């Protein structure tokens, strides 16, 4: 089931609040650590909209950059590298027409 932007904002805000409480921080302390205003943090926690920079700053201050990395994981192998490697290893095959009748017999005779 797809959630609305508002519902997803509330989920993120709840997770930020839970992480803050788990670290035993009040909003003022976390806001100071993240170098954001208390109002911006409060809006983020309530799911009422926030800038990406506020979200990133708060997540970093909470020590939860793993949240950000899960959104855009680093590629272990470059997709371009994989494509180039595939091109190097794949060989083109030549398809030959089947020999029938007299041509096949002549080929067998020449090979013997």
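Look at (1) surrounded by 15 or more Cβ atoms within 10 Å (Cβ to Cβ); (2) part of a helix (DSSP H, G or I) and you find that residue 25 fails only one, number (2). Looking at this structure, is residue 13 in contact with a helix residue (DSSP H, G or I) (Cβ under 9 Å, 6 or more places away or on another chain), surrounded by 11 or more Cβ atoms within 10 Å (Cβ to Cβ) and modelled with pLDDT under 90? When the stated conditions are applied, residue 13 does not pass them.
The values are calculated or read from the model by the stated rules, or taken from the named source; none is laboratory data. Predicted model only: the values in this text are computed from it and were never measured. Note: ideal-geometry Cβ built from the backbone for every residue, glycine included; neighbour counts use all protein chains shown.
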